[in-house]
Every structure is written in C-alpha cells, then in structure tokens.
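Engineer: Can you read through this structure? Questions will come right after.
Throughout, read-outs are computed from the coordinates displayed, never taken from laboratory work. Keep in mind that this is a model prediction, so the values were computed, not measured. Note that we place each Cβ from the backbone using ideal geometry, even for glycine, and neighbour counts take in every protein chain shown.
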Amino acid sequence: MRRKLVVGNWKMNGSLAQLGEVAAVAAAAKEAAGVDVAICPPFTLIASSVARSAGLPIGAQDCHHAESGAHTGNVSAGMLKEAGARLVIVGHSERRAEQHESDALVRAKAEAALRHGLTAIVCVGESEAQREAGDAVAIVTRQLRGSLPAEAGEGELVVAYEPIWAIGTGKTATPADVAEMHKAIRGHLLENFGDRGGRVRILYGGSVKADNAAILFAFDDVDGALVGGASLTAAQFVPIVEAARG
Ligand code: PEP
C-alpha cells in the first residue's frame, strides 16, 4: 500500500513573507493522517528557519549532478541536503525546455539526489502534439528509460507524470488518459525494477485543483500530485491535501 504524496512546486515564486503559507499547510498536513505533504520553494527559502520550523518537508526544484566545482549558479544535492531539503524535483518540463535538459542529465541529477538520501521526483510528460499524434505512452516510456536511475541509492525515487500541455494552463488530462498513462508507467517500473518498482510513487501534475483532485486520486496508480499554481496559497493547496486523504 503506497501512501499518497502531495508536493507543492512554487517555481520562481515566493518570498519570506509568503512562508506563512507553509506554516498553514503544515498545520493542515498534521491533520491529514496517511498523506505525505511537502513544499518546494525557490532555493533561497529552503534554509529559512521559518520554513524548517513549520515541520513540513521542504524540497528543491532542481540540483546539479556534480558534487561541487566550477558550475557557476548551480547548487549540488549535498548542498541542498545541508540546507535542510528532503526532496528535489528533477527534469521538470520547464527545465527540460528552458535549460535544454536531456534525459541523461535528468538521470544524473536523480542519481546525485538519491546518493545524498534525498527523495528524487523525476518528471516526465508529453507535449500536446505528441499526444494528438497518439505517441504519448511511447514518449513517456522513452523518457523513463532515459531518465530513471538504475540503482535505488539512499533516497526514495518518485515519478511525476506531467503532460506539458496541462501545466499552468487550466487544462487537465481526462481521468481515463491519466489512468492509462499511470498504468503504463507502473508497468515500466515493475518490468525494470521488479518489486521495488511496485513501491515507487507515481504523482500526476498539470492544473491539479481542489475540484479535480479527488477524481484523479481515486485511480490505483495515482499516488498523489505535483501541484504548481494551486500550491502557492494554503487556501487552494489544503483542499488538495484533504482530497488525498480520501
Ligand atoms: C507544476 O509546476 O509541476 C505544475 C503541475 O503546475 P500547475 O499545477 O500550475 O499546472
């Protein structure tokens, strides 16, 4: 039985003043027994004592694959761990597009995160054109093959299925499409990682809101959500956490 996991991705939003939202989410998460909840704010807020004292796991939205060195502007998984991060998102479609990140790079980042005992959330997802061409499952399977680390490492591996066309657009994949894709991802995990693949949590991401979360969480292989816009305020995020409680 996999526990549900609901993760907020603040992207390049948030300030010290907004950390009150983390405290409010933490209070609600304590009530939501059986659901794991985390927030990934920008790097600058990870080490904030306010964020850490809220008692909610705090994560990052990216890490570098190397341990240290001449990589101006980057942050390593070890540095994130030292700053108090417990998880890290890698391969988000915005980074794959804006920073031209390849599957191989995403895998190296996930391996670095796992080496440091962080939970690595590896994102995959097809474009609208790829879905319309009927290639969604093939594209996502290819991304999984290229992006997932072979070894478990110290940390937990999580997969987030995020159709690119549903991120921040208000469009969501139909429940049937989500169910089909999560089943295909589970099949890939079982085939390639055996029993361990059955324990990997698969999150859905793409305009998840209070009014569509419960329908999505009802599917066997939807183990939670990666939430962007609706994670910025406790008022919008807490109902999604509550929907995960079932
Ligand atoms: C995301 O940032 O991963 C995401 C799914 O965003 P949104 O919920 O805003 O679509």
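Engineer: Ranked from highest to lowest mean number of other Cβ atoms within 10 Å per residue, what is the order of the peptides 129-138, 72-81, 204-213?
Structural biologist: Per-residue mean Cβ counts within 10 Å order the peptides as 204-213, 72-81, 129-138.
Engineer: What order, most packed first, do the peptides 22-32, 224-234 have when packing is the mean number of other Cβ atoms within 10 Å of each residue?
Structural biologist: The peptides rank, most packed first, as 224-234, 22-32.
Engineer: With the contact rule set at Cα under 8 Å and sequence spacing of 6 or more, what percent relative contact order holds for the chain? Intermediate values should be presented prior to the final figure.
Structural biologist: Working: 507 pairs, mean separation 53.4, N = 246.
It comes to 22 percent, rounded to a whole number.
Engineer: Using Cα pairs closer than 8 Å and at least 6 residues apart in sequence, work out the relative contact order for the stretch 8-140, in percent.
Structural biologist: 19 percent.
Engineer: While we're on this one: So, counting K/R as plus one and D/E as minus one, what does the shell of residues with Cβ under 11 Å around Arg201 add up to?
Structural biologist: Net charge around Arg201: +1.
Engineer: 5 Å is the cut-off here: which amide hydrogens, built 1.01 Å from N in the peptide plane, fall below it relative to Leu5, excluding neighbours closer than 5 in sequence?
Structural biologist: Amide H neighbours of Leu5, under 5 Å, 5+ apart: Asp36, Gly224, Ala225.
Engineer: Choose one of Gly228, Gly187, Ala243: the residue whose Cα lies farthest towards the positive end of the charge dipole of the stretch 184-246 (beta-carbon charges +1 Lys, Arg; -1 Asp, Glu; about the Cα centre).
Structural biologist: It is Gly228.
Engineer: Another one. Can you say what percent of the DSSP beta bridges in the chain, counting only those with both residues inside, are antiparallel? Round to 5. Don't skip to the answer; put the middle values down first.
Structural biologist: On the way: 0 of 29 bridges.
Rounded to the nearest five, the antiparallel share is 0 percent.
Engineer: Quick one: which residues, 5 or more positions from Val122 or on another chain, have an amide H under 5 Å from its amide H? H modelled 1.01 Å from N in the peptide plane, none for Pro or chain starts.
Structural biologist: Amide H neighbours of Val122, under 5 Å, 5+ apart: Val90, Val158, Val159, Ala160.
Engineer: Moving on to the next point. By count of other Cβ within 10 Å, fewest leading, how are Leu203, Leu19 ordered? It would help to have the intermediate numbers written out before the result.
Structural biologist: On the way: Leu203 24, Leu19 20.
The order, fewest Cβ neighbours first, is Leu19, Leu203.
Engineer: Most exposed first by the Cβ proxy, i.e. fewest other Cβ within 10 Å, how do Thr141, Thr44 rank?
Structural biologist: Fewest to most other Cβ atoms nearby, the residues stand as Thr44, Thr141.
Engineer: Which net charge results for the neighbourhood of Ala214, defined as the other residues with beta-carbon distances under 15 angstrom from its beta-carbon, given Lys and Arg at +1 and Asp and Glu at -1?
Structural biologist: Around Ala214, the surrounding residues sum to -1.
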